[in-house]
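J.: Quick one: the structure is below, questions incoming.
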Amino acid sequence: MKYCKTCNVHYDAPLEHCLLCNGELEYTEEIADEPAYKFKIITKKSSSRFWYRFFFFLAVVSTAITIYLDYMDGLSLSWSLIVAITNLYAVLIFRTLSAASQWSAKVMKILMITAVGTILIGFAIGDYSWSIDYIFPFAIIGNILLISILTLVNKKHWYDYFASLIIITIIGLLPGLLDLLKFTTVSWPSFVCFSYSSITLLAIVFLPSKSSREEFKRRFHV
Amino acid sequence: MKKEKYWYKLDNAGKIFPAVSKDDRSNVFRLSFYIDEIVDKDILELAVNKVLPRFETFAVQLKNGLFWNYFGANTHQFRVEEEPAVLCEYFKPVKNYGFLFKVYYLDNKITLETFHALTDGSGALAFLKSVTYHYFKLRGFKIEHENKILSEKPYSKKESEDNFISNYDKDKRRNLQEEKAYKLSGESFNHHWVMFVKAKVDTKQLIQVVKTKYKATITQYVTALLAYCIYKETVDFVSNKKPLKIFVPVNLRPYFDSVTLRNFSLYIKASYPSHRNDYTFENMLEMTKEQFVDQLDKDKLQSRISSLVGYEKNPIIRILPLVLKTIAFKIGYYVLGDSISSCSISNLGIVDLPKDMMEKISDVDFANSGYGLAMTLISMGSFTNIIMTSPLKDLSIINQMISLMVKEGIDVTIDTNYKEGYDEIL
């Protein structure tokens, strides 16, 4: 053991100098072992968030420059809006991929972000029918299908996908509503999506097993 | 019998932690045992997985409901890891197979780091004792449990009870208002590294000073000592408009006859106005004693429990979707949560181990994370460890604390996670 004769304190740590007075430590015994360091040694870490921040900075700068150029040339904002939406899309995808979550949740989020991104681009270029007619309903169908497969394959942990399934099936009713309000030009993808979501939702509500009733209770406890 | 379909609502203390925890506010605390041999990783992992089914409140994962988070059963295999360099490091449960605690090994040390939403110090200590007991058993040692190891007792449903709810009394609610507190500030270490300084003292010597000289309890003594050191060592406390407020968590189990393994503690506080400049250690100790006696009253504690539970029972809060609650918790904690306390002191008391285990465990650590300075106390055998952790580079308060204990005639042995050369990195 080491000792600081100025502070009258013993040390059970491999320090050369006293923490309190910075004086040199002495061994208390004539033949003494160096006290062990009982923690993991820290090494220099690189800032993992630097590249994300740099990427985010570039996205903001490029968006600002394109909006400025559009504005200065007296043009409509369609071109700069596409840049802004694409940048936002890239940042969200980056965040989703780097987030600590299950891969299935990541795939679902990416599908939904992509669907919303294409709708926004559709609005920016003044032609959103292709995204509302095809991409949005098929993204939802793909999502419900994916969760259904995961639920069947991973029966033991089916409840892990329960909340996602409920949310996505409710969103899946939206294409039907858009079709009803005449926002779509092609009806069948929205109809398929609406029907598939409705059937899934009805199955969740009307075919409850004891365990799914329990899951409802857990997820919706107030 | 191993169950797989249980679930729990989060307790009152745990409800806010999932929303407000992050890298520099991990809400994780550490308990470590130093044993008499190098820890075998595989056997430790076996021991944890053997004990887990008995500790239903630990074998859980945090799930999102529409209105509240909840704990669902977690049947994954638990994996132990090598201890990291950063103490009480924030971790994402999804990277830990959903578990809200970590078990580490490093040389002869077994460490349990627990996210506070899961349990408090008493619950975590019961778990670590059971893991270590089974570790020794699996290593082939004959250990008599002497009825001191929870995993060797039959499971009681009372261990999983939310005692905040069971002690809620609507008529005892009162308005809890807290003024903002003086904050310790300064340059922090990089990489969320936290300085750990352990002052090991002889318990008899400490009691001699505390009880005979000052007629106080150990917690009252260290609280007053910390307050006095902050008063002496900071330049901006006196004339600061905010009082110094030291929060001290109280284990509520003895007051309410509880054996729960879930959170069941509540803060009492020692408050010292900043407009005074005539403080001495003695008058600060008197103030501390009066405030502790006043607040450590069962009726007052139950009144505070009822007030806290009352918030979560508010119909508007209950029907608010979880996503909005999370935002509200984040804003509320940012505006108020951190600002109402200056620092904290947590005394876990004596670690009561079977004789056979006492011979094999040489030391114990209990550490908390937090802004400013967090102090913890834990006793085992003949010694008491007073552990101070801080993300701040300024060590003057810690220095003053140790110097004053030495002046009282207490022999102090220091251990630390600081190494010469760390200034280059941190």
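Only the coordinates and a few stated rules stand behind these numbers; no lab work does. The structure displayed is predicted, hence computed values, not measured ones. Quick reminder, even Gly has a Cβ in these numbers, built from the backbone with ideal geometry, and neighbours come from all protein chains shown.
J.: So how much slack lies between B:T203 and B:S362, counting 0.36 nm per residue of separation and subtracting their Cα-Cα distance, in nm? Please report the intermediate quantities before stating the final value.
T.: Working: separation 159, 0.36 × 159 = 57.24 nm, distance 1.52 nm.
Value of the extension gain: 55.7 nm.
J.: Hey, got the dipole for the stretch A:103-222? About the Cα centre, +1 on K and R Cβ, -1 on D and E Cβ, debye to the nearest 20?
T.: 600 debye
J.: Follow-up question, since we're still on this one. How charged is the neighbourhood of B:N96? Take every other residue with its Cβ under 12 Å from the Cβ of B:N96, and add Lys/Arg as +1 and Asp/Glu as -1.
T.: +1
J.: Would you please give the residues with an amide H less than 5 Å from that of A:V9, counting only those at least 5 places away or on a separate chain, with H modeled from the backbone geometry?
T.: Counting only residues 5 or more places away or on other chains, the set is A:C4.
J.: Okay, next question. Where in the stretch A:111-140 does the label zone of A:L75 land, with the point 7 angstrom along Cα→C-beta and an amide N cut-off under 19 Å?
T.: A:121-127
J.: Can you give me the relative contact order of chain B as a percent, contacts being Cα pairs under 8 Å and 6 or more apart?
T.: 24 percent
J.: Note down the nm distance, to one decimal, between modelled labels 7 Å out along Cα→Cβ at B:K50 and at B:L426.
T.: 3.6 nm
J.: Right, here's the next one. How high is the relative contact order of the stretch B:210-314, in percent, with contacts defined as C-alpha pairs under 8 Å that are six or more residues apart?
T.: In percent, rounded to a whole number, it is 28.
J.: Give a residue-ordered list of calculated ³J(HN,Hα) values for the stretch B:121-128 (Karplus: 6.51 cos²θ - 1.76 cosθ + 1.60, θ = phi - 60°; whole Hz; x for Gly, Pro).
T.: Using θ = phi - 60°, the values come out as x, 5, x, 5, 5, 4, 5, 5 Hz.
J.: Another one. Select from the stretch B:354-410 those trypsin sites (Lys or Arg not before Pro) which occupy a DSSP coil region and have at most 14 other Cβ atoms within 10 Å, ordered by residue number.
T.: Here the sparse-neighbourhood loop sites are B:K393.
J.: Here's another thing I want to ask about it. If packing is taken as the average number of other Cβ atoms within 10 Å across a peptide's residues, how do B:123-129, A:90-96 rank, most packed first?
T.: B:123-129, A:90-96
J.: In whole percent, what relative contact order does the stretch A:103-222 give with Cα contacts below 8 Å and a gap of six or more residues?
T.: Over the stretch A:103-222, the number comes to 24 percent.
J.: Of the GluC sites (Glu not before Pro) in the stretch B:15-109, which ones lie in a loop per DSSP and count no more than 14 other C-beta atoms within 10 Å?
T.: Of the GluC sites (Glu not before Pro), the ones in loops of the stretch B:15-109 whose Cβ has at most 14 other Cβ atoms within 10 Å are B:E37.
J.: Rounded, prolate or oblate: which one fits the stretch B:173-425, using the alpha carbon gyration tensor with axes a ≥ b ≥ c (rounded when a/c is under 1.5, else prolate when a/b beats b/c, else oblate)? If you can, show how the numbers build up before the last one.
T.: Values: a/c = 1.40, a/b = 1.27, b/c = 1.10.
It is rounded, given that a/c, with a ≥ b ≥ c, falls under 1.5.
J.: Output ³J(HN,Hα) for the stretch B:67-83: one whole-Hz value per residue in order, computed from phi by the Karplus curve 6.51 cos²θ - 1.76 cosθ + 1.60 with θ = phi - 60°, and x for Gly and Pro.
T.: 10, 9, 6, 8, 9, x, 4, 10, 9, 5, 6, 8, 10, 8, 9, 6, 4
J.: Could I ask something else about it? For an R0 of 60 angstrom, estimate the FRET efficiency from the Cβ-Cβ distance between B:N277 and B:S156 and round to the nearest 0.05.
T.: Efficiency, from the Cβ-Cβ distance: 0.65.
J.: A further question on this structure: 7 Å from Cα along Cα→Cβ at both B:K170 and A:D127: what's the point-to-point distance in nm?
T.: Taking the simple label geometry, B:K170 and A:D127 are separated by 6.4 nm.
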